[in-house]
Amino acid sequence: MKIGFLIDIDGVLKLGHRPIPGADEFIAFLEAENVPFVLVTNNSTKTPEDVADSLSKLGIEVTQSHVITSAVATGIYLSENFGVGRHAFVIGEKGLKTAVKGIGWTVLENHRGAEFVIVGLDRSCDYAKVTEAVRSIVVEGAKFIASNDDRTMPSENGPMAGAGTIVASVRYATGVEPIVIGKPNRFIGEIALKRLKELTQADIDEVVVMGDRPETDIKLAKNMVESMHDIISVKSILVLSGITPREKAETLPPDLKPDFVINSVADVKNIWGALI
């Protein structure tokens with residue numbers, strides 16, 4: 001049986017600018033055992049190259065081919081569904097803007113001529129940017145796309161507001177629901193599975209989804225079970241090193257309940273026999 005891992009980053013491999021203890025050893029173990037893995041993050045602020053570089057500085061060695069961000073998935077979705085040469089107003093940082101430009105789209109400075117509004121995490125977002133996004137949708141009739149809608153993201157100092165807070169502002173002001181690309185939506189899972197197969201050059205029989213957030217990571221695993229019938233099984237691991245406290249993990253509803261709950265990636269070795 002060929003097993004592959006889809007692994008979240010924030011709260012799983014690192015917490016803010018600090019590595020999670022054991023994360024480097026876990027990735028090195030997967031490499032040594034020839035177990036394919038893809039890091040799947042809803043954080044749209046960095047390019048895959050930037051993500052790999054930042055992890056390397058923490059002692060976690062991966063290549064950019066191991067990284068799928070919600071920005072990358074958004075670019076693929078837009079390219080496959082709407083082609084090239086489009087115009088978008090983007091609330092987002094380098095990762096999202098690079099992905100949009102990379103498919104041959106123009107990133108606008110304001111709402112005029114916008115065909116799409118694309119929203120991700122933007123730590124410099126202000127009232128003016130939200131207003132331009134609202135005008136793009138209301139005045140220009142732009143389609144509303146969100147790279148992800150996470151409410152928060154973990155850091156070493158506690159939770160930070162996520163992209164979902166900006167998405168919610170635009171949604172509330174316009175009354176328009178966005179198309180959301182990132183986890184837990186199946187689209188990003190399908191992209192990650194395709195990358196897994198490319199890395200191993202073989203079919204994957206079992207996928208293990210590991211993350212710190214039930215409503216994104218564990219829900220992604222549940223959605224993959226429903227949609228990807230060529231996989232023998234999908235298992236999920238919730239780690240408690242990120243955003244989810246143990247008391248919440250113990251009371252999750254069935255649609256968010258993981259197969260395994262562990263303190264951190266350092267404990268994967270304790271359940272390895274049950275995974276393979």
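The values are calculated or read from the model by the stated rules, or taken from the named source; none is laboratory data. This one's a predicted model, so the numbers in the text were calculated from it and none came from an experiment. Glycine gets a Cβ as well: all are built from the backbone with ideal geometry, and neighbour counts include every protein chain shown.
Among the residues of region 135-142, are any more than 30 Å from Ile243 (Cβ to Cβ), hydroxyl-bearing (Ser, Thr, Tyr) and touching an Asp or Glu at 6+ places or on another chain (Cβ under 9 Å)?
yes
Would you check which residues across region 104-124 are under 20 Å from the mean Cα position of the chain (by Cα) and surrounded by 13 or more Cβ atoms within 10 Å (Cβ to Cβ) and list them?
Scanning region 104-124 gives Val117, Ile118, Val119, Gly120, Leu121, Asp122.
Any residue in region 241-259 that is within 24 Å of Ser65 (Cα to Cα), loosely packed, with under 15 Cβ neighbours inside 10 Å and among the polar types (S, T, N, Q)?
Within region 241-259, not a single residue is within 24 Å of Ser65 (Cα to Cα), loosely packed, with under 15 Cβ neighbours inside 10 Å and among the polar types (S, T, N, Q).
Residue by residue, here is whether (1) closer than 18 Å to Gly4 by Cβ; (2) touching a Ser or Thr at 6+ places or on another chain (Cβ under 9 Å); (3) in contact (Cβ under 8 Å) with a residue 12 or more places away in the chain holds:
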position: Thr41; (1), (2), (3): yes, yes, yes
position: Ser79; (1), (2), (3): no, no, yes
position: Leu121; (1), (2), (3): no, yes, yes
position: Cys125; (1), (2), (3): no, yes, yes
position: Val130; (1), (2), (3): no, yes, yes
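For region 174-190, name all the residues that are over 18 Å from Glu115 (Cα atoms) and either among the hydroxyl-bearing types (Ser, Thr, Tyr) or over 15 Å from the mean Cα position of the chain (by Cα) (or both).
none
Working carefully through the options Lys101, Lys97, find the one that is within 18 Å of the chain's Cα centre (by Cα), of a type in the set (Lys, Arg) and either not in a loop (DSSP other than H, G, I, E, B) or not assigned by TED's automatic domain parsing to the domain that holds Tyr127 (or both).
When all the criteria are applied, what remains is Lys97.
Residue by residue through region 230-265, note down the ones that are under 21 Å from Leu15 (Cα atoms), in contact with a helix residue (DSSP H, G or I) (Cβ under 7 Å, 6 or more places away or on another chain) and assigned to a helix (DSSP H, G or I).
Residue satisfying the conditions is Val265 alone.
I need a count of the residues in region 133-181 that are surrounded by 18 or more Cβ atoms within 10 Å (Cβ to Cβ) and touching a residue at least 40 places away in the same chain (Cβ under 8 Å).
Residues flagged as surrounded by 18 or more Cβ atoms within 10 Å (Cβ to Cβ) and touching a residue at least 40 places away in the same chain (Cβ under 8 Å) within region 133-181 amount to 18.
Within region 149-206, track down each residue that is modelled with pLDDT of 90 or more, in contact with a Lys or Arg (Cβ under 7 Å, 6 or more places away or on another chain) and assigned to a loop (DSSP other than H, G, I, E, B).
Answer for region 149-206, where residues must be modelled with pLDDT of 90 or more, in contact with a Lys or Arg (Cβ under 7 Å, 6 or more places away or on another chain) and assigned to a loop (DSSP other than H, G, I, E, B): Gly162, Glu177, Pro178, Pro184.
Of the residues that make up region 47-65, is at least one assigned to a strand (DSSP E or B), touching a residue at least 24 places away in the same chain (Cβ under 8 Å) and over 12 Å from the mean Cα position of the chain (by Cα)?
no
Exactly one of (1) free of Cβ contacts under 8 Å to residues at least 24 places away in the same chain; (2) under 21 Å from Cys125 (Cβ atoms); (3) surrounded by fewer than 17 Cβ atoms within 10 Å (Cβ to Cβ) is unmet by Lys97. Its number?
The single condition Lys97 does not satisfy is (3).
From the list Leu39, Leu78, Leu6, which residue is surrounded by 17 or more Cβ atoms within 10 Å (Cβ to Cβ), in a helix (DSSP H, G or I) and not assigned by TED's automatic domain parsing to the domain that holds Ala161?
Answer to the check: Leu78.
Search region 56-75 for residues being more than 25 Å from Asn185 (Cα to Cα) and of a type in the set (A, V, I, L, M), and hand back the single one that is surrounded by the most Cβ atoms within 10 Å (Cβ to Cβ).
So the residue we want is Ile60.
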